[in-house]
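Novice: Got a structure for you, questions after.
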C-alpha cells in the first residue's frame, strides 16, 4: 500500500533547548514520505542555526523565519508553504515515536473516508518520566467530545490540509486552546476520525508549565466551549446535526467541568481558586456528575509538579485543603446537592488505586490496607478520619482485586472482611486451590473437537482450547463439578447426579453396598446439617422438615423441605442442600475452609471444613446459649465470632424469609449511632434481634450475623425448589417473528436491508411490470417496510394504503411519502388484524415466510382473497428457499417454507388463481387474481410463467446464504425460541401530559406511554417480578418468553391518574419506589426545577397495593447516598424500610438508589439494612452476572421516540 506524504509544521520560538530532539524524532521515522517546515517565530537564540544544521543533513527539513506573531500565525504560515495534502502539527519541544507517521498514514490509506487519523499519547518530563495515564483515543464523530474538552495533543494526529483551510486554519486571537478550537471546527463538518490506541506521541511537560497560564487557559477554553454550543460562522459547511452547535442547556455543565480542570492546575501549583467561578455567574448544573468532577481534578492536580500518578499520595497533605475548599464552592455554585463529598470520595479512591505506597495508607476518609488471604484474617483498625476501607486482596503476593467496606467505630471486623473477600473472590480462590490439589491429577486427552478433561473414567469437559488460558477456561467448565465432588466426597459423580435425588440416592446406596443408613430422628421438625458430616436418612413426624445448613460450624441459612413420606433420604437431603444453597455454598466453603491458611497444606477441602467444624464444636457455648433463648442448637459459633458478653452488642439475626445467597447471607458491621433505626426496622419485620448485656441502651457495636438463627423461624421461611417461571409466560410465548422482531430490526436503521441496491431495485421493476394495465382505484401494500417500494407503486394507483406491523417502519414510510396525498399509512398485523376494506390490488412481498406455520399461511391467504374485489389482484414476491426444493438453487434461510410453498398455497386458495409469474433462480414474483363472479371452469387460463436467469447478483449481506447447487437446509428451530436471559427493567418517573420544560426528561406523556405499552403487549412481553429474576439468576435459566419489569421512581400522584389505568388496560404490573418521609407531600428534592408535584399518599398507595402494584424504597429523604456518612446511609435505608413495612404490612425487599447514586460501600449497607434488590440508573438490561443490589435499568425519557424505546429494549 502506498504511503501518504505528510507536511509537518513546526512553530518555534526560542526553542534551542528542545528543537534538536524534536527533529531527531522525525529523522527516526520509519516512514520516509514527509517534509518538515520549521517556522521560526522571531527567536533570539540559536533555534535557526540548529535547524539549519539539520536542514543540511536532510533536505526534507527547511526553515522559514518571520517576526514574532504567535504560535497560531506561525502554523498558518507553515500551512501556506506545505507541499502535501496531509498535515501534522508538531511543537518544537515535543516528539513523535518512530512508527508514528507509518501507522497513521497506513490507517488513512486503508480507509479513504477518514479525514483525521490520531493516536494515543502521554505526557513526559524532560527526563523522560511519564506523567499521568495514556491520552484519550476514540474514533468516528468527535464533535460532541470536542464541544467540551480537547481530546488529544496537537501532534497526535494527521489531518487533511484542505479541511484545515476550509475551516479557516488557526485562530490567531487565541493565546491558548487554539488547537482545540481548530479540531472542534473540523469535527463540526462531520469529519471522520480514525486511528490507533497505541502511544505514538510524547507531550513534554515541565514543573509549573501547566499552571503558569491557567487563568488564560480558562478564559480561552470558555470561549471555545461557548462556540461549540452555538453556530460557528467560520464553518461554511457544517454537518446538519451540528449547524446550531450542541444543546445550549448542556453548556453550564461543560463550563463547570472545564473549571474543575483549571482548578486542578491551580491547586496543584499552589494557587487559589477563589475567583475562578466568577466568570460563570449564571452557570447552574444540579446534575453535575461527581465522577467527571473527580476525574478532571485527578488528572490535573499532579501536572504542575510533574508528579507521576503512583506518587500521588505524596501530594495529598498539601492539596487536601484546597481541594475541599474548591469542591464546597463548586457544589454551592452548581446547586448540585452532595457534590463535594461525592467527588472527594471518588478522588480518594482514584488516588488509592494508583498509589504504589505500601499499605496501610489513608487518603481523606478512605483507608487502604492489604490482605493476604493465606494468612489469618484480622480486624482492620483505621485512623479516626476513615469511613471506608479499600482492601487490596492478595493471594501469595498477587493482587486479586479490591473489596470496599464501611468503617464502623474505627474498625472493620475480620468476620465481615473474610465474608466480603469470599463473596467477591470465591471462584478464583477455589480455582487456585484446585490447581494445587486436584487439577494437576486430571487427565488431558486430545480429541477431534479439542482437549478433553477426565477424572478417572468420568469425562468432565471437552472442546477446550490449548494455550495460556487453558486452566482458566477449564475451571469455568469443570470447577463446579469438582467442587461438588470434593465437598460431598463423591469424586466419580457427574454434575447431573448432584441435582437428581433418585440418582444420588441410588449411587449412595451402591457405594455403601446397598446397606440402609441409620435414620436420624427430627423431634422438633428442625434439622441442623453440617456439610462436612456424613449425611443420613431423616425420619420426620410432620409434612415439612426445616433444615439449617452449616459450613465449618457456621450456619448459612434455613429452608423447608416438603415431605411426602416419613423419610427424607440422604440423597434427597444432599440434593436439596446443593440446590437451595446454590453458589453461596461455594462462598461459605472458601470463607471457612480456604481463607486464612496456606493452599498447599495437603488437607482436602472436605477435611478442612471438618477440622474447622470440630474446633467450633469443642468450644463451650453453654453460657451463650443460656443468654440467647431460641438459638438453634449447633449455631452458637457464629454468634461467638462477634459477641463479647462483657461489651454491649446489638446483633441482628438471619432473615430466614430470604433465599440463601442474597444480602441475607452477607455479614455486616453497622454504625452504633443508627441502632435505633435498625432495631425498629427489625421489630417491624419480625426479624431476630439480640442485645447483650441489656436492652434500652446504645450498644457499642452492631452486627448483622447471617449465622444467628433463632427458633421458631416464623411464618415466612422458604420452601425448597419453588419454580421461578411465571404462569403468564406461557400465555405470552409468541412467534419469534412477531412485532418485537420487526420493530427491533427497523430501530437499527433501514440500511439493514439496503433496499436501494441493484438486486432489490431490479426486483421492484419486475414486480411493477406485472401490474395489470387497467386502472387500480384502491390498493393495499402489506409489509411496506421503510416505503422504498411504496413510493414507486404510488403513481400506479388511485389510492394507496401502506401498512406494516412496525410503527417505526410506518413512520419511515410516512416520511418518505410526504406530499403524496393519496397515500396513507397505518400499523397493521395482517395475521391478527382485519384488513381495512376491499381492494383492487393487494401487494404483499418478502414477508409471508415469517408466518412460520402452514396453517397460518393458509388463513392469511384466505383473508387476502376475501379482501379483494371481484377481479382484483394479489401481487407477491418471495425468495426461493432450499427448504422447498433442496435440489435447486435457493437461499439457506431458517424458515419452514419459501416462495414455492407460498405460491402453491395462494394458488390453492379458493377464489384465487395464478395469472403470471416471473421465476428466477433466487425468487418468484407472482400475480394472482380473484376469480370474477361469472368465471366458469372451462374459462381457466394457463398461467404465464417467465423463466429467466438471475438478472442481478444478490447483495453481499445475503450472498453467503445462497446455495446455487441446492443442498440440505439449515433448521435452527430451538435457537429461535423466545426467552429472556437479559431482562429489561424499565425506569419511569412521571406519566403526565404537561409539566415544567426543565423536567421534560423525566416526564412521558400518556400518549407516548400507551404507544410503548401497546408495543410491549403486541410483542408478547409480560410482567415479571424481581423475585422471578432472582430465581432465574440463581439457576442461570432464562425466563420463558419476553419478560419485562416496569418501575417508577419517586411515587408521583400522576401514577394513579395516568400510568396505572394504562398498565391495567394493557395487562402489565409495576413496582413503584417511594420516598418514605415524603409520602403524601411533594417532590421537595426537585425544588431547583421550579415544579412542585404531589406524591401518592398512604390511602392511594394501599389502594394500588390491593390492585397488584408492588412497592419498594427510594430512601427516606431522596438524598444522594454517597454524599452521606455511613450512619446516615443506614438511617436512610432502615428508616424507609420500617415506615413502608409498617404502613403496607408487607416485606419491602427492593431499593432504588436516589439519583442512581451508589458505590460498593452504599450497596453493602443497603443490603445490611434488609434489602435484597438494589436498582441503579446504570444503563442496560439486567444480566445473570449482575449483582442483585446493583441491577441496571433502561431509562425511558420523555424525548424517546418509539424507535428509540425499542432500541433501548435490545441494547
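Novice: Using a basic spin-label model with each label point 7 Å from the Cα along Cα→Cβ, how many nm lie between residue 1089 and residue 444?
Specialist: So the two model labels end up 5.8 nm from each other.
Novice: Per-residue ellipticity at 222 nm for the chain, helices alone: DSSP H runs ≥ 4 residues times -39500 (n - 2.57), over residue total, nearest 500 deg cm²/dmol?
Specialist: Value at 222 nm, helices only, nearest 500: -10000 deg cm²/dmol.
Novice: Among 224, 144, rank each residue by its count of other Cβ atoms within 10 Å, from fewest to most, as a rough exposure measure. Numbers along the way, then the final one.
Specialist: Values: 224 26, 144 13.
Lowest count first: 144, 224.
Novice: Let me ask you something else. Once you order the gyration tensor axes a ≥ b ≥ c over the Cα atoms, which shape class does the range 345-452 get: rounded for a/c under 1.5, otherwise prolate or oblate by comparing a/b with b/c?
Specialist: prolate
Novice: State whether the chain is rounded, prolate or oblate according to the following rule on the C-alpha gyration tensor (a ≥ b ≥ c being the square roots of its eigenvalues): a/c under 1.5 gives rounded; otherwise a/b larger than b/c gives prolate, and the remaining case gives oblate. If you can, show how the numbers build up before the last one.
Specialist: Working: a/c = 1.67, a/b = 1.07, b/c = 1.56.
Cα axes put the chain in the oblate bin.
Novice: Find how much the distance from residue 777 to residue 173 grows on full extension, using 0.36 nm per residue of separation minus their present alpha carbon separation; answer in nm with one decimal.
Specialist: 210.7 nm
Novice: Where in the range 437-454 does the label zone of residue 968 land, with the point 7 angstrom along Cα→C-beta and an amide N cut-off under 14 Å?
Specialist: Zone members listed by number: none at all.
Novice: Working out 0.36 nm times the residue gap between residue 996 and residue 907, then minus their Cα-Cα distance, what length gain in nm do you get to one decimal? Walk me through the numbers before you get to the answer.
Specialist: Details: separation 89, 0.36 × 89 = 32.04 nm, distance 5.93 nm.
Extra length from residue 996 to residue 907 when fully extended: 26.1 nm.
Novice: By count of other Cβ within 10 Å, fewest leading, how are 764, 873 ordered? Walk me through the numbers on the way to the answer.
Specialist: Values: 764 18, 873 24.
Placing the least packed residue first, the sequence is 764, 873.
Novice: Next up: Tell me, 710, 1188 in order of fewest to most beta-carbon neighbours within 10 Å?
Specialist: In increasing order of surrounding Cβ atoms, one gets 710, 1188.
Novice: Then there is this: I want to check the label-to-label distance for residue 1105 and residue 24. Put each point 7 Å from Cα in the C-beta direction and report it in nm to one decimal.
Specialist: 7.7
Novice: Pop a pseudo-label 7 angstrom from the Cα along the beta-carbon direction at both residue 1184 and residue 59 and give the gap in nm to one decimal.
Specialist: 6.8
Novice: A follow-up question, please. Mind giving me the FRET efficiency for residue 622 and residue 513? R0 is 41 Å, r the Cβ-Cβ distance, nearest 0.05 is fine.
Specialist: The value I calculate is 0.50.
Novice: Let me ask another. Once R0 is set to 22 Å, what does the formula 1/(1 + (r/R0)^6) return for the Cβ-Cβ distance between residue 1037 and residue 477, expressed as a FRET efficiency to the nearest 0.05?
Specialist: That gives a FRET efficiency of 0.75.
Novice: May I pose another question? Is the shape of the range 739-974 best called rounded, prolate or oblate, per the rule: a/c under 1.5 gives rounded, else a/b larger than b/c gives prolate, else oblate, with a ≥ b ≥ c the square roots of the Cα gyration tensor eigenvalues? Write out the running numbers ahead of the final one.
Specialist: On the way: a/c = 1.44, a/b = 1.08, b/c = 1.34.
It comes out rounded by the Cα gyration axes.
Novice: Further question: Please work out how much length the chain gains when fully extended from residue 854 to residue 792, using 0.36 nm per residue of separation minus the C-alpha to C-alpha distance, in nm with one decimal.
Specialist: 19.2 nm
Values quoted throughout were computed directly from the atomic coordinates according to the rules given, and no laboratory measurement underlies them. Just so you know, these numbers come straight off a predicted model, no measurement behind them. Don't worry about glycine lacking a Cβ; one is built from the backbone with ideal geometry, like all the others, and counts go over all protein chains shown.
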